[in-house]
1. For region 47-82, enumerate the residues that are in contact with a Gly (Cβ under 8 Å, 6 or more places away or on another chain), under 17 Å from Pro464 (Cβ atoms) and not small (Gly, Ala, Ser).
2. Those residues that are surrounded by fewer than 24 Cβ atoms within 10 Å (Cβ to Cβ), part of a helix (DSSP H, G or I) and among the polar types (S, T, N, Q), I need them from region 100-146; list them, please.
3. Enumerate the pairs (first residue in region 513-525 and under 15 Å from Arg458 (Cβ atoms); second residue anywhere and crowded, with 20+ Cβ neighbours inside 10 Å and among the hydroxyl-bearing types (Ser, Thr, Tyr)) with beta-carbon separation below 7 Å, excluding pairs fewer than 6 apart on the same chain, so at least 6 apart or on different chains.
4. Just checking, which of Ile447, Ile460 is more than 21 Å from Ser47 (Cα to Cα) and either modelled with pLDDT of 95 or more or of a type in the set (D, E, K, R) (or both)?
5. Kindly establish whether Thr305 is over 30 Å from Leu490 (Cβ atoms) and at pLDDT 90 or above.
6. How many residues, within region 329-384, are farther than 23 Å from Asp294 by Cα and either hydroxyl-bearing (Ser, Thr, Tyr) or modelled with pLDDT of 90 or more (or both)?
7. Checking the structure you have, find out if any residue of region 277-298 is at pLDDT below 85, hydroxyl-bearing (Ser, Thr, Tyr), under 30 Å from Gly131 (Cα atoms) and surrounded by fewer than 22 Cβ atoms within 10 Å (Cβ to Cβ).
8. Can you pull out the residues in region 48-84 that are touching a residue at least 60 places away in the same chain (Cβ under 8 Å) and small (Gly, Ala, Ser)?
Amino acid sequence: MPSLIHHVRRHADKWVSIFVGTTVFLLLVGPQVLWPTYTMWMRWGDSAQHYYGWEFFRRSPLLQFPLGESPGFGVGYASSVVYTDSIPLLAIPLKYLTFWFDADFQYFGVWLLFCYVAQHFVALRLLRRLGSSIFVASVGATFFVIAPLFLFRQTILGYGHMALVGHFLLLTAFLLAINGSHRTWQWVALLATSVLVQFYLFVMVALVWAFVIVRLITLRTGKGRQIVIDIGVTVGVVVLVMWSAGYFSAGNSAEEGFGIYRADLATFLDPETFTTTKWSSIVPNQPVVPNNVDGTFEGFAFLGTGILLASLWAVVSLVSWRRPLWTPSPDTHSHFSRLFPVAILCFVFSLSNNITFRVERFLIPLPGSLEWLGNTLRASGRFVWPLAYVLMLYVIVNVSRTLPPRVSAVIIVLLLAVQVIDSRIALRETRERFDDPSYEESILQSIDWQRLAKGRSRLIIDPPQYKGFVWQDFAEFALREDMTTNASYLSRVDYQRLYESEVRTRNSLLTRQLSPDTLYVVMRGSGAYASLRNVLDSRDGALAPGVDARFIDGMLAVVVKP
């Protein structure tokens, strides 16, 4: 019994995080998403991209390289599971464990639960390392699992970006930085894990690592030769992991959007975006820039009412002429000096060249080369997260370090209660996103589709339904009929390959050089639709000898007769 008590005390922070993280997860998400075969909550919006990307990847060849290749999702221009944000860290090993399993399968619910627990645990460790008492750290870490910018990634546009919920990776980089960790294996493990979760998170973690390296060099605390070796090993391992996952399979895949999907200067104070309910009934919503494409939802980083109130006390502590009741440790300031520079750099990038302060706008023209570089990370608004989390850490530590222990404990509990109560509407809508999944009826209604698909291995649509309004209907149908398809949703695509694929499909239809293993679907918007319809009308419904062509659900289906 004493040994059990000793174990619990020794690992109290872990048990607290498991309890708090799991409790908040069950309240805001619910247990139903943990069931691997329950997939309805994933079948819409960007969540559908993650789910279908995983399911088609699961059906790719077991022996292939890169390991993350997914040739069946976007036939003719497909890349890898990386570009469906299906969390390759889990997708790749689970592919080999579930290849025999025919039923629907998802791991995103378990991933979310892990993110809640890890978010609280790493935040607790950070707060303890920065000087907070165990009680304040335990309660303060709860702010990180109810933080609007954390929960918003699960409901953005009503859909959710599940890979981007892994904010604990960024917090772990903070922890390594303030610990002054120079152990190469720790950074290699974190960077490799991050790049297998989501590229944006990887870049943020990599920037923190780069600042640690720069600090080592400027302070001359390490041997120059060893630092060069460590950098080479780290970069080499990361590049190898990226290659294996399929990062280099997309070709020329830069997308426009830099300057649109950005952060606003008032983001920390703005409780609402045009996509969500207000996160506060107290803090007023900020007006947006008129006549401007507003993609600032990507830079949403409202701190929450409780954190804003703690920020007021932090300002008072900084400017007050009186000595604080509890003088902060000099080490605390040293630790924050390792975090603020990279956080501020990320914040500047998050604003992009289209800088806005709600109703005011300032546009900085960029040369083509810089604009292309910006478009590789077009959703620059996400880079507001490092500064948001550093500010949260600072104000919570300030409460703990500048007030007597009992007073700080009471204050932090009251601040948490205020934030929960004030954001109750948005918290309720977070739960509704998982309780009431939306799934629209498919455009493929006729039973003739199943008859035509029988014995065929490919579903090819003209034009290819890349991010099209009905891509999901075709992907779902192809999945059910065990077919590959050129209907897909990828975060990046090589448009040259996409165009060449479309041309090949259209030429095959117009010249009737058709593959017998393929079901072709010609949409009304296709350049071949009118021509093929004229041929059918002139030949009494016969497109060519041995070819079955018929109109189904307003589309033209074409197959080679068996």
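1. Phe56, Phe73
2. Result: Ser138, single match.
3. Leu514/Tyr520
4. Checking each option against the conditions leaves just Ile460.
5. Yes: the conditions hold for Thr305.
6. Qualifying residue count, region 329-384: 10.
7. Scanning region 277-298 turns up no residue that is at pLDDT below 85, hydroxyl-bearing (Ser, Thr, Tyr), under 30 Å from Gly131 (Cα atoms) and surrounded by fewer than 22 Cβ atoms within 10 Å (Cβ to Cβ).
8. Hits for region 48-84 are Ala48, Gly53, Gly68, Ser70, Gly72, Gly74, Gly76, Ala78, Ser79, Ser80.
The values are calculated or read from the model by the stated rules, or taken from the named source; none is laboratory data. These numbers come from a predicted model, not from an experiment. When we count neighbours, we look across all protein chains shown, and the Cβ atoms used for this are built from the backbone with ideal geometry, even at glycine.
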